Amino acid sequence: MPNLNTFSQYNPTPAIEARYFEALRTIPAPGGNGCHPYLLLLANLAAKAGRSPEQAFDDIRQSIPAGGRKVLDREIWDAIRKAYNQGGTFTPRPRPAPAVRNGDAARQRIINQGRISDDADLWEESPVKIHCLPEETPMLLLSILFDPDDLVWIGERHQAGILGETIRRASEWVEHFQGGGMTGPHIIINPLDGIPRPKKSGDGETLRGDHNVFAFRYCMVEFDDLSREDQIRFWSAVKLPIVALIDTGGKSIHAWVQVSKLATVNTLEQWQENIKIKLYDRILAPL
């Protein structure tokens, strides 16, 4: 675990946090656009914003846009190490031993088992046929995957959780969209509890943090560097309880996986152990 003295020297302010989240939104695409040197700027801002090294890594990893090359985890950790070593030292948490050996070969075997590779066949295979217009699909997803009273966050990537605005009951979101309402492009895939809880940084409270999750139902999985055809082949063949495949409008297809069919996940600690470590780190990351 990192040495907390590494980043306790900073007293984050809302202005620093805002600058950090804005920097996350504007990361240059990798591949000759200045992404690599930008990582150190992000790491320095993360430290000043009171983020732990592991939080900083997760923030940066998830925010890097698609580009001409893949940014390696090592590059992100190198930037974090340089930034946080200004006030001490830390050792990143070691990645657990993978349960999948030779992930590239295992991934290709799954892809080769896929019987379909295009959207039309994928639609035919789906147990829920989407006959509605594209603008009506959010209502279909919310109606099937959430209970009517579930509190769901939808908005811009770093937009705050505000009851009645970015956080509404699933049934209220359906009414909002039926009335022609619009919102941001991102959704938190697990329902929230609507109770203000401390931020990870310790600076104030939030309604959309990890500790605000009401029920751990789904996790999201995606590929950054597979062709669309290979992604469809993979998702049509892999043995995971997939409840939805979301077309992001780009080259990536996001899979929602029902975690209750994989493990007992009732708390954040069980999520970290059974999903983050056993599923993501040991099985999915090697693939």
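The values are calculated or read from the model by the stated rules, or taken from the named source; none is laboratory data. All values reported here derive from a predicted model rather than from experimental measurement. Heads up, the Cβs are rebuilt from the backbone with ideal geometry, glycines too, and the neighbour counts pull from every protein chain shown. The accessibility values were calculated without ligands, DNA or RNA, using every heavy atom of the protein model including side chains. Shrake-Rupley method; radii C 1.70, N 1.55, O 1.52, S 1.80 Å.
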> Condition test on R19, is it under 30 Å from E205 (Cβ atoms) and out of contact with any Cys (no Cβ under 6 Å at 6 or more places or on another chain)?
Replying inline: yes
>> Among (1) part of a helix (DSSP H, G or I); (2) farther than 21 Å from N112 by Cβ, there is one condition W256 misses while meeting the rest; what is its number?
In response: (1)
> Only one of (1) farther than 28 Å from G250 by Cα; (2) touching a Pro at 6+ places or on another chain (Cβ under 8 Å) fails for G103. Which number is that?
Replying inline: (1)
> Within the bounds of segment 63-80, is there any residue that is within 30 Å of I167 (Cα to Cα), in contact (Cβ under 8 Å) with a residue 24 or more places away in the chain, open to solvent by less than 40 Å² (accessible area, probe 1.4 Å) and of a type outside the set (F, W, Y)?
Replying inline: yes
> If the Cβ limit is 7 Å and pairs must be 6+ apart or interchain, which residue in segment 170-196 that is touching a residue at least 40 places away in the same chain (Cβ under 8 Å) pairs with which residue that is of a type in the set (A, V, I, L, M, F, W, C) and assigned to a loop (DSSP other than H, G, I, E, B)?
Replying inline: P191/F146; P191/F214; P191/A215; L192/L207; L192/F214; D193/F214; G194/L207
>> Would you confirm, using the coordinates I've provided, whether A120 is open to solvent by 40 Å² or more (accessible area, probe 1.4 Å), of a type in the set (A, V, I, L, M) and part of a helix (DSSP H, G or I)?
In response: yes
> Quick check: is even one residue across segment 203-221 under 21 Å from L133 (Cβ atoms) and small (G, A, S)?
Replying inline: no
> Of all residues in segment 197-217, which are open to solvent by 70 Å² or more (accessible area, probe 1.4 Å) and at pLDDT 90 or above?
Replying inline: F214
> So which residues in segment 247-276 are over 12 Å from C219 (Cα atoms), in contact (Cβ under 8 Å) with a residue 60 or more places away in the chain and surrounded by 16 or more Cβ atoms within 10 Å (Cβ to Cβ), if there are any at all?
Replying inline: S252
>> Every residue in segment 27-84 that is out of contact with any Asp or Glu (no Cβ under 8 Å at 6 or more places or on another chain) and among the aromatic types (F, W, Y), please.
In response: Y38, W77, Y84
>> Quick test of your reading of the structure: M220 fulfils all but one of (1) of a type outside the set (K, R); (2) farther than 20 Å from P98 by Cα; (3) modelled with pLDDT of 90 or more; (4) surrounded by fewer than 15 Cβ atoms within 10 Å (Cβ to Cβ). Name the failing condition by number.
In response: (2)
> Scanning for something in contact with a Lys or Arg (Cβ under 9 Å, 6 or more places away or on another chain), on the phi > 0 side of the Ramachandran plot, surrounded by fewer than 15 Cβ atoms within 10 Å (Cβ to Cβ) and not in a helix (DSSP H, G or I), does segment 24-42 turn up at least one residue?
Replying inline: yes
> Do you know which residues across segment 152-186 are open to solvent by less than 70 Å² (accessible area, probe 1.4 Å), of a type outside the set (V, I, T) and part of a strand (DSSP E or B)?
Replying inline: W153, G155, R168, H186
